[in-house]
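Beneath this line is the structure, given in structure tokens, with notes to follow.
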Amino acid sequence: MKSDPQVHIDSPWLVPFDASFAVGQAPTRAADAPDKKACKKQLARLIAEMGEQQRRLYASDNRSVLLVFQAMDAAGKDSTIRAAFSGVNPAGFQVYSFKQPSAEELDHDFLWRSARRLPQRGRIGVFNRSYYEEVLVVRVHPEYLQGQKLPGKIDHDSIWDERFESIRDHERHLARNGTVIIKFWLNVSRDEQRKRFLSRLDEPEKNWKFSSGDVAERKHWDRYMQAYEAALNATSRPWAPWYAIPADNKPFLRLCVAETIVQTLSRLDLSYPAVSDEQQRTFAGMREVLERG
């Protein structure tokens, strides 16, 4: 077994592994993005290819794929997941959305609730938000730590680096044991977020999405950007890479996500299990039985 398989691909959106990523230099919109029609056409091709790769992943049953999506509110996580995976077989696909921890979850370490939802071998699993909330929203709101029943006095200067270390160890362990990890930060601009919130108010079919709490969080925007920058720099590794995808243009966002997944799966050289000589002889006998009626 090869340890720490490096599954990252060459991409303009790949977060470097040398801690040099700067949120302020990461684009929220690509200047050379194809138009909406071209994006949809390319996405359709990628969806079909992803479906074939998923079938091979499911049949081989020796790897799993974990896709982590993190973003500010209204960045397009839900719609991207819905669009990019429209061609996969639900039998080999699962999505979990992590919100405020329950009382049971707070009685365990911060990785426990997501570890319980890891995809089985042969399956693709999506985390819509994840254990990274513990170094993002909790870092912006450190008062949440008081409800986590942590032992001893909380050191606010060291706890984040300790959690980064735990995350790196966790992801490296998963990678060594056959889980392919791809992490997406959907990088939406503050102005585009504002427009999307207004759209939720203006369009009746989107009213249900609106939350005054989401608007209140906008005042912490700079602190969130600092938290994202720290988290991505600390945890983007060859076996668990981050991709900072421009999210102001939703069709292009979906295309980039699907393209990254397909290219990564292509590197795994997935194939259907080979049939042994003994199985071939068994098949020949079953064929004779079936042909006799």
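The values are calculated or read from the model by the stated rules, or taken from the named source; none is laboratory data. Everything quoted here is computed from the prediction, not taken from an experiment. Don't worry about glycine lacking a Cβ; one is built from the backbone with ideal geometry, like all the others, and counts go over all protein chains shown.
Worth pointing out:
- Answer residue from the range 155-168, given it is assigned to a loop (DSSP other than H, G, I, E, B) and without any contact (Cβ under 8 Å) to a residue 12 or more places away in the chain and is surrounded by the fewest Cβ atoms within 10 Å (Cβ to Cβ) among those: ASP157
- Among the residues listed as SER97, SER64, the single one being touching a strand residue (DSSP E or B) at 6+ places or on another chain (Cβ under 6 Å), surrounded by 16 or more Cβ atoms within 10 Å (Cβ to Cβ), modelled with pLDDT of 95 or more and of a type in the set (Ser, Thr, Tyr): SER64
- The range 29-148 holds strands (runs of 3 or more DSSP E) entirely within its bounds, and those carrying 2 or more residues that are in contact (Cβ under 8 Å) with a residue 12 or more places away in the chain, under 20 Å from the mean Cα position of the chain (by Cα) and closer than 25 Å to ASP222 by Cα map to 64-71, 124-128.
- Apart from one condition, ASP109 fits all of (1) touching a Gly at 6+ places or on another chain (Cβ under 9 Å); (2) within 30 Å of LYS149 (Cα to Cα); (3) among the acidic types (Asp, Glu); the exception is (1).
- Figure legend. Inter-residue proximity from the range 169-198: first residues closer than 17 Å to SER114 by Cβ and touching a residue at least 60 places away in the same chain (Cβ under 8 Å), second residues among the acidic types (Asp, Glu) and in a helix (DSSP H, G or I), beta-carbon distance below 9 Å, spacing 6+ or different chains. Indicated pairs: THR179/GLU171; ILE181/GLU171; LYS183/GLU171.
- Qualifying residue in the range 207-226 (condition: of a type outside the set (A, V, I, L, M, F, W, C), modelled with pLDDT of 95 or more and under 18 Å from ASN128 (Cβ atoms)): yes
- For the range 16-32, filtered to residues that are touching a helix residue (DSSP H, G or I) at 6+ places or on another chain (Cβ under 7 Å) and either over 17 Å from MET72 (Cβ atoms) or of a type in the set (A, V, I, L, M) (or both), the residue that is surrounded by the fewest Cβ atoms within 10 Å (Cβ to Cβ) is ALA22.
- Hey, ALA230 buried (at least 19 other Cβ atoms within 10 Å of the Cβ), within 25 Å of PHE110 (Cα to Cα), of a type in the set (A, V, I, L, M) and touching a strand residue (DSSP E or B) at 6+ places or on another chain (Cβ under 8 Å) or not: no
- Looking across the range 264-280, the residues that are surrounded by 16 or more Cβ atoms within 10 Å (Cβ to Cβ) and either touching a helix residue (DSSP H, G or I) at 6+ places or on another chain (Cβ under 6 Å) or farther than 14 Å from LYS183 by Cα (or both) come down to LEU265, LEU268, LEU270.
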